[in-house]
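In what follows, a structure is listed as structure tokens, so that the remarks can point back to it.
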Amino acid sequence: MPQKPTAAIIGAGFTGCALAYDLTLRGFSVTVLERGEICSGTSGRTHGLLHSGGRYCVNDPEAGQECIQENIILRKIAKQCIEFNNGIFLALSDEELSFRNEFVKGAEKCGISVRWMGKDEIVKHIPAIHPGVLGGYEVPDGAFDPLRLALAFAASAKNRGAVFLPFHQVEKIHVNGSSRVNSLSITNRHTGQTSDLHADIFINATGAWAGTVAKMAGVNVPVIPAPGVMVAFEQRLSDIVLNRLYYPGDGDIIIPQRRMSVIGTTSFEVEDADYIPVYKEQVNSMIERAAEIIPALKNLKIRGSYMSARPLIKTGTDIRSLSRTFKCFDHEVDQGLGGFITISGGKATTCRIMAEKTADLTCSKFNMKVPCQTTKFELDSYRTYYQQKVL
Ligand SMILES: Cc1cc2nc3c(=O)[nH]c(=O)nc-3n(C[C@H](O)[C@H](O)[C@H](O)COP(=O)(O)OP(=O)(O)OC[C@H]3O[C@@H](n4cnc5c(N)ncnc54)[C@H](O)[C@@H]3O)c2cc1C
């Protein structure tokens with residue numbers, strides 16, 4: 001039997017875990033290197049909103065379409081991680097009410113089903129809602145458990161032979177004489193030991209750190225770490241995901257996560273994704289804004305304020321206006337460096353299709369014509385990631 005091609009993935013967030021699963025199904029021998037625990041980057045600190053695409057359908061329709069397409073697939077393959085609670089885009093002012101036509105047009109264009117709900121119906125489902133609510137559109141949003149989603153992909157990869165090396169940090173990327181990456185220097189952060197890892201292909205799936213890691217190989221990736229702050233409250237005040245019927249802004253989402261209400265988020269730019277302060281002013285202004293949706297939030301105990309950085313692909317200047325879509329960089333084509341691919345940008349909701357496109361490109365490098373299979377099967381239980389036995 002010919003040997004399987006070997007692939008080393010750097011980063012075990014949603015993207016790296018979904019990619020490990022896809023590549024093992026396509027016949028690669030996969031090793032995943034992660035400097036922390038699984039999900040210790042951005043993926044462990046998201047709202048956990050399974051986007052319907054409604055948030056992006058007006059001003060970022062490409063991301064809106066990706067979200068609804070993947071929302072439908074994740075509902076099928078990852079139902080163990082999802083609360084199927086839908087969402088409402090609420091009109092709380094005349095300005096928001098007058099956004100109706102644009103929203104419906106955008107949703108139609110992206111293929112997102114919407115249904116108008118009058119005030120009485122909304123109040124019946126969410127007694128804590130602001131009494132001035134004028135109505136809203138129901139959409140197929142949902143809430144997912146971030147750690148379970150990443151672990152379900154990782155378990156499905158591991159059960160098919162992928163090797164995960166958490167707490168292994170990539171320190172250097174070695175390029176040989178023919179401009180091809182051929183090995184990585186890694187440090188085991190438990191023991192401090194260093195070693196080299198060889199593979200046939202290397203994939204940089206380090207999200208907001210993709211630019212830093214790409215630099216180690218001497219290539220440039222235009223990824224901007226764009227952090228956002230979230231606040232978790234000690235109680236759920238709505239079982240349904242709540243958004244505002246308007247362009248995306250700060251403090252305009254409330255998500256039921258386990259027993260909590262999580263509000264989000266802000267968006268700003270930093271140079272170093274490893275140092276992101278949680279600004280008190282941002283927290284306070286988000287609470288003010290979210291209390292316009294549910295006033296009683298102000299009386300709840302805050303469980304925590306936290307942040308993480310979106311990996312946004314630089315295409316413009318204003319952070320809010322940057323697309324939430326993703327990009328797969330073939331460094332052989334763009335900068336003449338073989339054996340090295342970067343995948344970045346996107347959303348948690350779109351991690352499966354990000355992996356599919358990256359695996360398509362990876363296969364093409366080996367003239368392998370193996371179709372993607374990740375839409376076909378339910379993911380293995382997230383619980384099996386930590387179990388010893390191979391299924
Ligand atoms: C505030 C906020 C809220 C969000 N909410 C949502 C939401 O509700 N729904 C949604 O769909 N999306 C959401 N997103 C987007 C989503 O969270 C991200 O797109 C996604 O988590 C990115 O995953 P990733 O795997 O690409 O990156 P990451 O999860 O950051 O994974 C990259 C990994 O690479 C590792 N790494 C970095 N450098 C090295 C190295 N040298 N060696 C080894 N490993 C390394 C890091 O430790 C990290 O674990 C949100 C984003 C933000 C910022």
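The values are calculated or read from the model by the stated rules, or taken from the named source; none is laboratory data. Computed from a predicted structure; not experimentally measured. Note that each Cβ is placed from the backbone with ideal geometry, even for glycine, and that neighbours are counted across all protein chains shown. Just the protein is used for accessible areas: all its heavy atoms, side chains included, with ligands, DNA and RNA removed. Shrake-Rupley method; radii C 1.70, N 1.55, O 1.52, S 1.80 Å.
Only one of Ser285, Ser308, Ser267 is within 30 Å of Ile201 (Cα to Cα), in the same structural domain as Ala232 (by TED's automatic domain parsing) and either among the hydroxyl-bearing types (Ser, Thr, Tyr) or part of a helix (DSSP H, G or I) (or both); which? Walk me through how you get there before you give the answer.
Details: Ser285 fails: within 30 Å of Ile201 (Cα to Cα); Ser267 fails: within 30 Å of Ile201 (Cα to Cα).
Answer to the check: Ser308.
Looking at Val123 and the list (1) touching a strand residue (DSSP E or B) at 6+ places or on another chain (Cβ under 7 Å); (2) open to solvent by 30 Å² or more (accessible area, probe 1.4 Å); (3) among the β-branched types (Val, Ile, Thr), which single condition is not satisfied?
(1)
Looking at the stretch 97-111, is at least one residue under 20 Å from Ile253 (Cβ atoms) and either open to solvent by 60 Å² or more (accessible area, probe 1.4 Å) or assigned to a strand (DSSP E or B) (or both)?
Yes, that holds for at least one residue.
May I ask you to say which residue of Arg115, Arg160 is surrounded by 14 or more Cβ atoms within 10 Å (Cβ to Cβ) and of a type in the set (Lys, Arg)?
Values: Arg115 fails: surrounded by 14 or more Cβ atoms within 10 Å (Cβ to Cβ).
Among Arg115, Arg160, only Arg160 is surrounded by 14 or more Cβ atoms within 10 Å (Cβ to Cβ) and of a type in the set (Lys, Arg).
Need pairs with beta-carbon distance below 8 Å; first residue in contact (Cβ under 8 Å) with a residue 40 or more places away in the chain and within the stretch 15-34, second among the acidic types (Asp, Glu) and in a helix (DSSP H, G or I); sequence gap 6+ or separate chains.
Asp22/Glu356
Quickly run through the stretch 15-56 and pick out the residues that are open to solvent by 10 Å² or more (accessible area, probe 1.4 Å), away from the ligand (no atom under 11 Å from the Cβ) and either in the same structural domain as Ala107 (by TED's automatic domain parsing) or of a type in the set (Ser, Thr, Tyr) (or both).
Selection gives Thr24, Ser29, Thr31.
(1) more than 25 Å from the chain's Cα centre (by Cα); (2) crowded, with 16+ Cβ neighbours inside 10 Å: which one isn't true of Asn188, the others all being true?
Unmet for Asn188, out of (1) more than 25 Å from the chain's Cα centre (by Cα); (2) crowded, with 16+ Cβ neighbours inside 10 Å: (2).
Kindly indicate whether any position in the stretch 248-259 is away from the ligand (no atom under 11 Å from the Cβ) and more than 20 Å from the chain's Cα centre (by Cα).
Yes, some residue in the stretch 248-259 is away from the ligand (no atom under 11 Å from the Cβ) and more than 20 Å from the chain's Cα centre (by Cα).
Would you say Asp252 is crowded, with 22+ Cβ neighbours inside 10 Å, among the charged types (D, E, K, R) and within 30 Å of Val104 (Cα to Cα)? Talk me through it step by step, then tell me what you get.
Numbers: crowded, with 22+ Cβ neighbours inside 10 Å: yes; among the charged types (D, E, K, R): yes; within 30 Å of Val104 (Cα to Cα): yes.
Considered against the rule, which asks whether it is crowded, with 22+ Cβ neighbours inside 10 Å, among the charged types (D, E, K, R) and within 30 Å of Val104 (Cα to Cα), Asp252 comes out as yes.
Looking only at residues in the stretch 67-82 that are more than 10 Å from the ligand (Cβ to nearest atom) and in contact with a helix residue (DSSP H, G or I) (Cβ under 9 Å, 6 or more places away or on another chain), which one is most open to solvent (accessible area, probe 1.4 Å)? First the steps, then the outcome.
Narrowing the stretch 67-82 to residues more than 10 Å from the ligand (Cβ to nearest atom): 68-69, 72-73, 75-82.
If we keep only those that are in contact with a helix residue (DSSP H, G or I) (Cβ under 9 Å, 6 or more places away or on another chain) as well, we get 68-69, 73, 77-78, 80-82.
Values: Ile68: 10, Gln69: 109, Ile73: 31, Ile77: 2, Ala78: 0, Gln80: 64, Cys81: 7, Ile82: 22 Å².
The extreme case among them is Gln69.
Please go through the stretch 367-383 and give me each residue that is part of a loop (DSSP other than H, G, I, E, B) and open to solvent by 60 Å² or more (accessible area, probe 1.4 Å), ordered by number.
Taking the stretch 367-383 first, the residues part of a loop (DSSP other than H, G, I, E, B) are 367-381.
Within the stretch 367-383, Asn367, Lys369, Pro371, Lys376, Phe377, Glu378 meet the criteria.
Which count do you get for residues in the stretch 198-247 that are of a type in the set (Lys, Arg) and either crowded, with 21+ Cβ neighbours inside 10 Å or within 14 Å of the ligand (Cβ to nearest atom) (or both)? Even if it seems obvious, please write down each step before you answer.
Let us first name the residues in the stretch 198-247 that are of a type in the set (Lys, Arg), namely 215, 236, 244.
Within this subset, residues satisfying the condition of being either crowded, with 21+ Cβ neighbours inside 10 Å or within 14 Å of the ligand (Cβ to nearest atom) (or both) are 215, 244.
Summing the residues that are of a type in the set (Lys, Arg) and either crowded, with 21+ Cβ neighbours inside 10 Å or within 14 Å of the ligand (Cβ to nearest atom) (or both) in the stretch 198-247 gives 2.
The rows are residues; the columns are (1) farther than 15 Å from Lys158 by Cα; (2) part of a helix (DSSP H, G or I); (3) over 14 Å from the mean Cα position of the chain (by Cα).
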{"residue": "Gln3", "(1), (2), (3)": "yes, no, yes"}
{"residue": "Ala7", "(1), (2), (3)": "no, no, yes"}
{"residue": "Leu19", "(1), (2), (3)": "no, yes, no"}
{"residue": "Asp22", "(1), (2), (3)": "no, yes, yes"}
{"residue": "Val32", "(1), (2), (3)": "no, no, yes"}
{"residue": "Ile38", "(1), (2), (3)": "no, no, no"}
{"residue": "Ser43", "(1), (2), (3)": "yes, yes, no"}
{"residue": "Cys57", "(1), (2), (3)": "yes, no, yes"}
{"residue": "Cys67", "(1), (2), (3)": "yes, yes, no"}
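Taking only the stretch 1-14 into account, find how many residues are of a type in the set (A, V, I, L, M, F, W, C) and more than 7 Å from the ligand (Cβ to nearest atom).
Residues of the stretch 1-14 of a type in the set (A, V, I, L, M, F, W, C): 1, 7-10, 12, 14.
This time we only want the ones that are more than 7 Å from the ligand (Cβ to nearest atom), so: 1, 7-9.
So the answer is 4.
Kindly indicate whether Ile203 is under 16 Å from Phe14 (Cα atoms) and in a strand (DSSP E or B). I'd like the intermediate steps shown before the answer.
Working: under 16 Å from Phe14 (Cα atoms): yes; in a strand (DSSP E or B): yes.
So Ile203 passes the test.
Which of (1) over 27 Å from Thr349 (Cβ atoms); (2) in the same structural domain as Thr206 (by TED's automatic domain parsing); (3) assigned to a helix (DSSP H, G or I) does Val123 not meet, given it meets every other one?
Every condition holds for Val123 apart from (2).
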